[in-house]
Amino acid sequence: YDVGQDVNYAGYQNSRFTITVGAVHADMTHSDYSSSGAPVFISAPGGDGGNMAVAQPVGNGLTDNCGDAGQGTSFAAPLVSGVAALMLEANPTLTWRDVQ
């Protein structure tokens, strides 16, 4: 996003049916690559643009560095989705408005 742009003018991001997710750095400040604006409902760790990887899974015995780190809003959104899934698992009667 350029300076002055925000999600208020992006139709799919400002829909009431959307949970728009932003990303924050390790120090909990807004990531420069992340969406901004009133429709951003929640933010999650997204990395520091190369200085901090938010996840480095070591599953399945893989030890190479290919695809073992995630950062950016593409990583923040699945974290929020996982929390929403856990909420729905604990209480399947929640509606979309309850999850928000």
Note on the stretch 3-24: residues under 15 Å from Ala76 (Cβ atoms), open to solvent by less than 40 Å² (accessible area, probe 1.4 Å) and part of a loop (DSSP other than H, G, I, E, B) are Gln13
Under the condition of being of a type in the set (Ser, Thr, Tyr) and at pLDDT below 80, which residue from the stretch 35-46 is surrounded by the fewest Cβ atoms within 10 Å (Cβ to Cβ)?
-> Ser36
Across the stretch 47-100, the tally of residues that are of a type outside the set (Lys, Arg) and at pLDDT 80 or above stands at 24
Restricting the first residue to the stretch 25-37 and requiring it to be touching a residue at least 24 places away in the same chain (Cβ under 8 Å), which pairs with a second residue that is acidic (Asp, Glu) and assigned to a loop (DSSP other than H, G, I, E, B) meet a Cβ separation below 6 Å and a spacing of at least six or different chains?
-> His25/Asp48; Ala26/Asp48; Ser36/Asp6; Gly37/Asp6
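The values are calculated or read from the model by the stated rules, or taken from the named source; none is laboratory data. Since the structure is predicted, the reported quantities are computational estimates derived from the model, not experimental observations. We place every Cβ from the backbone using ideal geometry, glycine too, and count neighbours over all the protein chains shown. We work out accessible area using only protein heavy atoms, side chains counted, and drop any ligands, DNA or RNA first. Shrake-Rupley method; radii C 1.70, N 1.55, O 1.52, S 1.80 Å.
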